[in-house]
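The structure appears below as structure tokens.
The values are calculated or read from the model by the stated rules, or taken from the named source; none is laboratory data. Please read all numbers here as calculations on a predicted model, not as lab measurements. We place every Cβ from the backbone using ideal geometry, glycine too, and count neighbours over all the protein chains shown.
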Amino acid sequence: MHIPDGGFLSPVLCVGAYCVAAAGLAVASRKVRADWNDRTVPLVGVMTAFVFAGQMVNFPVAGGTSGHLLGGVLAATLLGPHAAAMVLSTVLVVQCLFFQDGGVTTLGANILNLALVGVYSGHAVRQLLARPATGNARALAGVAVGAWFSVVAAAGACALLIAASGTAPLKLVLPAMLLTHAFIGVGEALITLAVLSFVLRVRPDLMYRAPASATPLPFRTLVGVGLVAALGVALLLSPLASSWPDGLERVAENLGFGEQAGALAPAPMPDYELPGIGLPWLSTAVAGGLGTLICLAVAWGVTRLLARGVRRPSGAPQP
């Protein structure tokens, strides 16, 4: 659902989306600082790496279309919605600049749709249906519905921007985007449920605002296990990703505006392939592994910057 450079969005909407996205992230960063604890840096870093790796694995859906994990509700359930918005934004920036996935001019719109609309709408639905997950069926059902809704809401926001730009009529692009991503949202819900069910069984202290009695989370264990999981997905599963067009690409093809996609600037690893490696699967795996590490480093650096000036209790460990 990454909007590319080209003629998908008008220049005015691109600038406006940048402004709204910047304002939203400024609010999110203040909320993260207000909710700071000694686990914020490693959790945000590892979750950013994992979401990036998960988004590389496209799965097939109906009609020759593929989808991939958005990860907004997954991140919000573990980190809270504000940190989750920062996680998704970091992933989108890395994808845009290093992999030519999503345009430079449309980066603000992609952050608005996926990191803000997707995360906060999905989190709101989850909260409405069930309080933070405790392992019971109702809580997990709320997570599943929220994850599904996050994809559909982000698709709807994307369709509205495309229609407002005059690229395609609203009466065509909105139902096409909603229907296509309603199927993709089912995959999102299943993946989110699988990951969170596992976390609840083995490390419930990872959940956002877990009870104070939860088992403390060793720093090195978190970083080590989380990074290994993210790298495992990127290195082993990304070469198996479906080559079918994703939801937005399929809708653009069907409605006749797909040829307007373009690239404003070159990227070092376009289409998630590392130049110079002859084997396509190996090129994708290496690019995915490098992207995972880049996401970890960028998220770590951003959260360390946010940590400056945060008041901590006396004796609290530094991130």
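With the condition kept exactly as written, say whether any residue in the stretch 27-38 is surrounded by 21 or more Cβ atoms within 10 Å (Cβ to Cβ) and either modelled with pLDDT of 95 or more or in a loop (DSSP other than H, G, I, E, B) (or both). Write out each step before concluding.
Restricting attention to the stretch 27-38, the residues satisfying the condition of being surrounded by 21 or more Cβ atoms within 10 Å (Cβ to Cβ) are 28, 32.
Going one step further and asking which of them are either modelled with pLDDT of 95 or more or in a loop (DSSP other than H, G, I, E, B) (or both), we end up with 28.
Yes - at least one qualifying residue is present in the stretch 27-38.
Looking only at the stretch 134-156, decide whether some residue is of a type in the set (Lys, Arg), in a loop (DSSP other than H, G, I, E, B) and at pLDDT below 95. Lay out the reasoning, then the answer.
Here is the first cut: in the stretch 134-156, the ones of a type in the set (Lys, Arg) are 138.
Filter again for in a loop (DSSP other than H, G, I, E, B), leaving none.
Checking the stretch 134-156: not a single residue is of a type in the set (Lys, Arg), in a loop (DSSP other than H, G, I, E, B) and at pLDDT below 95.
Right, Leu88: closer than 18 Å to Gly122 by Cα, modelled with pLDDT under 95, buried (at least 20 other Cβ atoms within 10 Å of the Cβ) and within 15 Å of the chain's Cα centre (by Cα) or not?
no
Scan (1) part of a helix (DSSP H, G or I); (2) within 13 Å of the chain's Cα centre (by Cα) for the single condition Val41 breaks and write down its number.
(2)
Determine the pairs where a residue that is farther than 17 Å from Leu116 by Cα, located within the stretch 157-171, has a partner that is loosely packed, with under 14 Cβ neighbours inside 10 Å and modelled with pLDDT of 95 or more with Cβ atoms under 7 Å apart, the partner being 6 or more residues away or on another chain.
These pairs meet every condition: Ala163/Pro169; Ala163/Leu170.
Within the stretch 265-298, count every residue that is surrounded by 14 or more Cβ atoms within 10 Å (Cβ to Cβ), not in a helix (DSSP H, G or I) and not β-branched (Val, Ile, Thr).
Within the stretch 265-298, residues that are surrounded by 14 or more Cβ atoms within 10 Å (Cβ to Cβ), not in a helix (DSSP H, G or I) and not β-branched (Val, Ile, Thr) number 4.
Out of the residues in the stretch 47-72 that are small (Gly, Ala, Ser) and surrounded by 20 or more Cβ atoms within 10 Å (Cβ to Cβ), state the one that is farthest from Ile294 (Cα to Cα). Before you say what the answer is, go through the steps one by one.
Residues of the stretch 47-72 small (Gly, Ala, Ser): 49, 53-54, 62-64, 66-67, 71-72.
Then keep just the ones that are surrounded by 20 or more Cβ atoms within 10 Å (Cβ to Cβ); that gives 49, 53-54, 66-67, 71-72.
Details: Ala49: 8, Ala53: 11, Gly54: 15, Ser66: 25, Gly67: 23, Gly71: 18, Gly72: 19 Å.
Once the filter is applied, the top-ranked residue is Ser66.
Report, by residue number, each residue of the stretch 208-237 that is of a type in the set (A, V, I, L, M), more than 14 Å from Pro42 (Cα to Cα) and either at pLDDT 80 or above or under 20 Å from the mean Cα position of the chain (by Cα) (or both). Before you say what the answer is, go through the steps one by one.
Taking the stretch 208-237 as the starting set, the residues that turn out to be of a type in the set (A, V, I, L, M) are 210, 212, 214, 217, 222-223, 225, 227-231, 233-237.
Right, trim to more than 14 Å from Pro42 (Cα to Cα) and you get 210, 212, 214, 229, 231, 233-237.
Ala229, Leu231, Val233, Ala234, Leu235, Leu236, Leu237, listed by residue number.
Have a look at Ala307, Ala265 and point out the one that is within 17 Å of Cys96 (Cα to Cα) and modelled with pLDDT under 90. Quick ask: steps written out before the conclusion?
On the way: Ala307 fails: within 17 Å of Cys96 (Cα to Cα).
None of the others qualify; the one that does is Ala265.
All but one of (1) at pLDDT 95 or above; (2) surrounded by fewer than 18 Cβ atoms within 10 Å (Cβ to Cβ); (3) hydrophobic (A, V, I, L, M, F, W, C); (4) under 20 Å from Val44 (Cα atoms) hold for Ile191; state the number of the condition that does not hold.
Unmet for Ile191, out of (1) at pLDDT 95 or above; (2) surrounded by fewer than 18 Cβ atoms within 10 Å (Cβ to Cβ); (3) hydrophobic (A, V, I, L, M, F, W, C); (4) under 20 Å from Val44 (Cα atoms): (2).
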